[in-house]
Amino acid sequence: MDFKAIINSPAMWLACGMMVMVVIGQSIVFLRAAFKAAPEMGLSRQDCFTAMRAAAYTAFGPALGPVVILIVLMDTLGAPTAWMRLLDIGAAHTELVSSTLGAQVYGVDLRSAAFDLTAFSYSSWAMALNNMGWMIVTLLVTPKMEGAISTLTKKTNPRLVALLSAGAGLGLFSYLLSNQLVSGKPGNVTAAVAAAVAFLLLGFCSKKFPRLREFSLGIAMMAGIFAAQAML
Amino acid sequence: MTPNEIFLKKCIRIGSVTLVLGIIANFMPAMYLWLGLGVKPPIDDIGKIFLIIASTYLTSWITQPITFFPLLGTSGSYVTWLSGSGAEIKTPASNMAQKAVGVEQGTPQGNVISTIGVATSVFVTFVVITSFVFAGQYLIPLLPVFVTKSFGFLLPAVFAAVVINMAKGNLDLCAAIVVFATLTMYVQKHIFGFPTWFATLFIVLMGAFFGYVKYRLTMNKDKEQLENVVIESNVK
């Protein structure tokens, strides 16, 4: 079997499908647990479905984001690996970087003609080792985080904890946003400003039309990307 | 135990089991190549790959799950660090689910709704990515060029909208942090190239510091208001 046939073989689909099954299975179990806990927290079934709808509308646009890079990954690493790695931890560009780093240890470049099955195995190890890092840290720190935050809230002023946490969260997303703003890519600033203005306007409108809230991020995002593309 | 404590304990159990399964499944393609086809890097090279990967991503492995925790909560963290896209998909989905229902982040209700939001976003991503894997290569050329080119602006648009959403009640704090972050990143990119992981950590910590400054400033204001009330009532 040649290289392309192996990386797109049914056995490879099966090997990659296991991670996808864990990802989907985890969300099904969490969703069931949340639906079960909802009435005890004073939330109705209607609230749960409203949350699902809002999240679905919001996630749809950003989920389309990596489709262009998906085509590159499919062409280089095969459809099963591209599918698995875009559905598990590690952004599309992170997977590209780690698979490139792995292949370079073997001494070849990801998009070169010399990229063979052995080089592919180097890339597979690199992506797996990278993803393992996040999962192990999460496994170790997450059970302690809720306790740490609640101890902090009990020992200090809750308003202080709320402001520290809001500041840190805004810091993280301001970093991500500013990284885009200073990248020098024409249109990025327009996209950000148009999306921010649209989101603020939708916020005012949703006071009168509450159903609008579910769509607001999706609409704001489309306003941003189309405005940027139109202004180019 | 309160219902919230029971729910959190359950989330930790589900999250721990599924993450262990995830770590195993993550190696399946590499294992298939090794055990099925006899193709694998020598152990020395696996060590080299690990060193290179760890030196590139170690700080992200440690800082990201901790910095995202207040935004994602317990269940959201387990889902995000198995399925990825914390900034682009999971946090916005969690945020908007809570906003649509009208619950606050960090409250017991907020935790349940965030769990529903984050889990739903995984299904949506699965449908979108799987559809594109099978049909995307035929579909993408059919979309208008204007639309496919506009996908390139998704990240600044999503991040800007999320920042505004997170700013509710703290627009002053938000403006200060965005300006500070933009200046820092401008210096990092164009003047003095310190490492990106340092920039992330520095801006997050300064964001928390700005939150502290706002706390101190508004605390004094609250005190002044209280004193004015006391003085006014004494005068009366």
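For this structure, a couple of remarks:
- Computed extension length for B:Ala175-B:Ala135: 10.2 nm, one decimal, from 0.36 nm per residue of separation with the Cα-Cα distance subtracted.
- Put in order of Cβ neighbour count within 10 Å, fewest first, the listed residues A:Ser183, B:Ser121, A:Ser165 become A:Ser183, A:Ser165, B:Ser121.
- Across chain A, Cα pairs under 8 Å and at least six residues apart give a relative contact order of 19 percent.
- Shielding by partners for peptide A:220-232, expressed as the average number of C-beta atoms from other protein chains within 10 Å of each residue's C-beta, is 6.
- Taking every C-alpha pair closer than 8 Å and separated by at least 6 residues, the mean separation divided by the residue count of chain B gives a relative contact order of 14 percent.
- Max mean-square fluctuation residue, GNM over chain B, Cα-Cα springs under 10 Å, options B:Val122, B:Val103, B:Val147: B:Val147
- For A:Ala113, net neighbour charge (Lys/Arg +1, Asp/Glu -1) across residues whose Cβ lies under 15 Å away: -2
- If you run the Gaussian network model on chain A, springs between alpha carbon atoms under 10 Å, then out of A:Phe60, A:Phe115, A:Phe209 the most flexible one is A:Phe209.
- Pairwise centroid distance, computed over Cα atoms, of region A:62-121 with region B:11-88, Å: 16
- Cross-link reach is defined here as a Cα-Cα straight distance under 29 Å, omitting same-chain residues fewer than 8 places apart; for A:Lys207 the lysines meeting it are B:Lys90, B:Lys99, B:Lys168, B:Lys214.
- Among A:Met145, A:Met21, A:Met222, residue whose mean-square fluctuation peaks in a GNM of chain A (springs only between Cα atoms under 10 Å): A:Met145
- Trypsin sites (Lys or Arg not before Pro), loop per DSSP, at most 12 other Cβ atoms within 10 Å - longest free stretch of chain A: A:1-110
- Distance in nm between pseudo-label sites at A:Thr118 and A:Lys207 (7 Å out along the Cβ direction from Cα): 6.8
- Cα-Cα over 24 Å, subset of A:Lys155/B:Lys9; A:Lys154/B:Lys9; A:Lys155/B:Lys10: A:Lys155/B:Lys10
- Proxy reagent accessibility, fewest Cβ within 10 Å first, across A:Cys205, A:Cys48, B:Cys11: A:Cys205, A:Cys48, B:Cys11
- Helix axis angle, B:171-186 relative to chain B longest principal axis, alpha carbon, degrees: 50
- Considering helices alone, the calculated mean residue ellipticity of chain A at 222 nm is -28500 deg cm²/dmol, with DSSP H runs of length four and up weighted by -39500 (n - 2.57) and normalised per residue.
- Shielding by partners - mean other protein chain Cβ count within 10 Å, residues of B:188-196: 1
- Ranked list, fewest to most other Cβ atoms within 10 Å of each Cβ, for B:Ile116, B:Ile43, A:Ile136: B:Ile43, A:Ile136, B:Ile116
- Applying a DSSP loop filter and a limit of 16 other Cβ atoms within 10 Å to the trypsin sites (Lys or Arg not before Pro) in region B:39-111 leaves nothing.
Read-outs: derived from the displayed coordinates by stated rules, not from any lab. None of these values were measured; they are calculated from a predicted model. Backbone-built Cβ (ideal geometry, glycine too); neighbour counts: all protein chains shown.
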